[in-house]
Amino acid sequence: MTRETLSFPPTSIPPLEPYLPLTSPSPSSKPHLTLTYATSLDASLSLAPGVRTTLSGPYSKSMTHYLRTRHNAILVGCTTALVDNPALNSRLGSITSLDQQPRPIILDPKGRWDFTEDSQVIRLAAEFKGKGPWVVTKRGGETKERGELLERVGGKFLFLETGEDGRFKWGDVLSVLGEQGVRSVMVEGGGEVINSLLIDPENRLVDSVIITIAPTWLGKGGVVVSPSRQQGQTSQLKLRDVSWQPHGEDVVLCGRILRS
Ligand SMILES: NC(=O)C1=CN([C@@H]2O[C@H](COP(=O)(O)OP(=O)(O)OC[C@H]3O[C@@H](n4cnc5c(N)ncnc54)[C@H](O)[C@@H]3O)[C@@H](O)[C@H]2O)C=CC1
Ligand SMILES: Nc1nc(O)c(N)c(N[C@@H]2O[C@H](COP(=O)(O)O)[C@@H](O)[C@H]2O)n1
């Protein structure tokens, strides 16, 4: 498939800068986590689970590709990897080396992502247009064949234990990525990934939020961002240091989570 080449105007960078990871972070700190996704006016990420849905217009899309160059890694859940067959690289025309590409990370505790050499992210890594993905799984979620395929394109499996809910603790995910030298990660989705991140009790993991809001309603039945309220919770989950930036017909909301 021929992919487009994008450009992001340098004048659009300064308003984003306060929300982006430091270029020389302390090696001991946890990786900077930017939560970034595109949503409809009714908080949907897609029309339905399994339906890849374009929300970003051309300007906010190029912003996302710029953000991808400013993070060491880009993380999605295995349903997104399965249904979207995403590229997870940056297609900015200004990219000159593989070092500028983010490392794709797929959360896949049960080994559901059935990637082959034709999967976009694998093919692009083989063509040096993206880095080989790291698949975070539970022991038993890997196969020898998939491990070999990942290794051929510079990727690998990373192993973590899950809790009783079958999920990884987000703190463990960030620790294992930190041990691998990742200093910044942008989490793109999908719904389960974002909602599970937002119910973290202390909200100390998300450093900044950059959300593209598209002028459209997707209607009921979509994959919605709406974290479950914790038992007895009466407070709202709010943002601070908020800025709104128009990008074409979309608006980009930047902020940090207000900690209680
Ligand atoms: N508009 C946007 O910016 C984006 C839209 N999407 C859309 O989202 C939809 C997919 O979302 P969902 O169905 O909610 O699936 P998802 O992409 O969040 O993946 C869910 C799976 O990821 C794994 N997972 C999630 N959190 C985990 C955790 N804490 N520990 C361990 N494993 C974890 C589990 O295996 C779970 O079944 C797709 O339709 C996709 O197109 C996805 C990313 C961005
Ligand atoms: N920023 C943004 N806008 C949209 O309209 C989207 N549908 C998404 N989806 C996310 O981007 C991934 C696709 O990436 P590639 O273009 O294939 O590299 C998709 O899997 C979602 O994570 N994002």
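The values are calculated or read from the model by the stated rules, or taken from the named source; none is laboratory data. Bear in mind that the values here come from a model prediction, so they are computed numbers and not experimental data. Every residue, glycine among them, receives a Cβ derived from its backbone with ideal geometry; neighbour counts consider all protein chains shown. Keep in mind that these areas ignore ligands, DNA and RNA; they rest on the heavy atoms of the full protein, side chains included. Shrake-Rupley method; radii C 1.70, N 1.55, O 1.52, S 1.80 Å.
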Subject >> Which numbered condition His71 misses (of (1) open to solvent by less than 40 Å² (accessible area, probe 1.4 Å); (2) on the phi > 0 side of the Ramachandran plot) >> reply: (2)
Original post:
Which of (1) within 14 Å of ligand 1 (Cβ to nearest atom); (2) assigned to a helix (DSSP H, G or I) is the odd one out, the single condition Pro49 does not satisfy?
Top reply: (2)
**OP:** Would you mind finding the one in Thr54, Thr96, Thr80, Thr64 that is without any contact (Cβ under 8 Å) to a residue 24 or more places away in the chain and near ligand 2 (Cβ under 7 Å from one of its atoms)?
**Re:** Thr54
Original post:
Is at least one residue of segment 24-46 open to solvent by 70 Å² or more (accessible area, probe 1.4 Å), within 16 Å of ligand 2 (Cβ to nearest atom), part of a loop (DSSP other than H, G, I, E, B) and on the phi < 0 side of the Ramachandran plot?
Top reply: yes
Original post:
If Leu124 passes every condition in (1) more than 19 Å from Asp99 (Cα to Cα); (2) open to solvent by less than 20 Å² (accessible area, probe 1.4 Å) but one, which one does it miss?
Top reply: (1)
Original post:
When segment 86-106 is examined, which residues are found to be within 18 Å of Leu177 (Cβ to Cβ) and open to solvent by 20 Å² or more (accessible area, probe 1.4 Å)?
Top reply: Asp99, Arg103
Original post:
How many residues does segment 233-260 contain that are more than 16 Å from ligand 1 (Cβ to nearest atom), surrounded by 12 or more Cβ atoms within 10 Å (Cβ to Cβ) and among the hydrophobic types (A, V, I, L, M, F, W, C)?
Top reply: 5
**OP:** Tell me which residues, restricted to segment 4-23, are within 16 Å of ligand 2 (Cβ to nearest atom) and either hydroxyl-bearing (Ser, Thr, Tyr) or open to solvent by 60 Å² or more (accessible area, probe 1.4 Å) (or both).
**Re:** Glu4, Thr5, Ser7, Ser12, Tyr19
**OP:** Return yes when Ala87 is among the aliphatic types (A, V, I, L, M), in a helix (DSSP H, G or I) and out of contact with any His (no Cβ under 9 Å at 6 or more places or on another chain) and no when it is not.
**Re:** no
Original post:
Quick check: is even one residue across segment 130-151 aliphatic (A, V, I, L, M), more than 12 Å from ligand 2 (Cβ to nearest atom) and under 25 Å from Thr5 (Cα atoms)?
Top reply: no
**OP:** State which residue pairs qualify: first residue closer than 20 Å to Ser29 by Cα and inside segment 180-202, second residue open to solvent by less than 40 Å² (accessible area, probe 1.4 Å) and among the polar types (S, T, N, Q) in any location, beta carbons under 9 Å apart, and separation of 6 or more residues or different chains.
**Re:** Ser184/Thr34; Val185/Thr34; Met186/Thr34; Met186/Thr36; Met186/Thr64; Val187/Thr34; Val187/Thr36
**OP:** For segment 127-155, enumerate the residues that are open to solvent by 70 Å² or more (accessible area, probe 1.4 Å) and closer than 13 Å to Pro104 by Cβ.
**Re:** Lys129
Original post:
What number of residues within segment 205-232 are assigned to a loop (DSSP other than H, G, I, E, B) and surrounded by 13 or more Cβ atoms within 10 Å (Cβ to Cβ)?
Top reply: 9
Subject >> Residues of segment 91-113 satisfying the condition of being within 15 Å of ligand 1 (Cβ to nearest atom) and either of a type in the set (D, E, K, R) or on the phi < 0 side of the Ramachandran plot (or both) >> reply: Pro102, Pro104, Ile105, Ile106, Leu107, Asp108, Pro109, Lys110, Arg112, Trp113
Original post:
Of all residues in segment 52-79 being away from ligand 1 (no atom under 15 Å from the Cβ) and assigned to a loop (DSSP other than H, G, I, E, B), which is farthest from Pro102 (Cα to Cα)?
Top reply: Arg70
Original post:
Identify, please: which residue in segment 158-199 is away from ligand 2 (no atom under 16 Å from the Cβ) and part of a strand (DSSP E or B) and is, among those, most open to solvent (accessible area, probe 1.4 Å)?
Top reply: Phe159
